[in-house]
Amino acid sequence: MHTSLGNTFGSKVTVKGTGIILNSKMSGYDPRQGMPHSVKPRTIKPPPSGSTIMLKDDEPFLVIGAPGGYKQVTAVARVIHNIIDYGMSLQEAIDTPRVYVQTGRVFIESKTPTGVCQILAKMGHNLIVIDKEYNFAQPTGILIDTETGLLHGGVDRDLPHGLDAITLGQ
């Protein structure tokens, strides 16, 4: 069984007098009819799973996961790509700018170089440059140095700010 509020604090609405927080999982559906994840009767989307254990010579060398609903898969894939293809440390890989595509929109972090944003816009992408108030998923992991056995941890150091300002149930 998979339960999730969706985004941080779900829809940010509580059922009066219960403390039950309503989720925001409808955001994972495509509002356009005829698309693979369109809203339609009797449709259940499978939960995402981005938790990953990577092996090298049959031994674990990277353990990575991320809370963040459907965004967790792209967040984890980005970290793996940066480590394997660019030789980044785990923390460097986690710290790189994030991107997420949903319903034809490309959400990209404001710390992305301006030139990259301009190229994507020229390619015709519906680009939405945003700060960290958007929940991109928060990768956390352990990279194991297979030669020394040392464990190197990495975590999202840029968690969304202002969560303390959210008042539930109003």
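What follows draws every value from the coordinates through simple rules; no lab data is involved. Since we're looking at a predicted model, the values are computed, not measured. No Cβ is skipped: glycine too gets one built from the backbone with ideal geometry, and neighbour counts run over all protein chains shown.
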Checklist entry - Counting other C-beta atoms within 10 Å, which of D131, D95, D30 has the fewest, and how do the rest follow? => result D131, D30, D95
Next on the checklist: For a 27 Å ceiling on Cα separation, which of these pairs sit above it: K71/K111; K40/K122; K16/K71?
Outcome noted: K40/K122; K16/K71
Checklist outcome for this item: Expected sort for M35, M88, M123 with the fewest Cβ neighbours (10 Å cutoff) up front is M123, M35, M88
Checklist entry - In what sequence do L22, L55, L127 fall when counting other Cβ within 10 Å, fewest first? => result L55, L22, L127
Checklist outcome for this item: Counting only backbone N atoms under 12 Å from a point 7 Å out along Cα-to-Cβ of D131, the residues of the stretch 76-116 in range are 110-111
Checklist entry - Between S11 and A77, what FRET efficiency comes out of the Förster formula 1/(1 + (r/R0)^6) with R0 = 35 Å and r the beta carbon distance, rounded to 0.05? => result 0.85
Checklist entry - What length, rounded to one decimal in nm, is gained on full extension from S51 through to Y29, with 0.36 nm per residue of separation minus their alpha-carbon distance? => result 5.7 nm
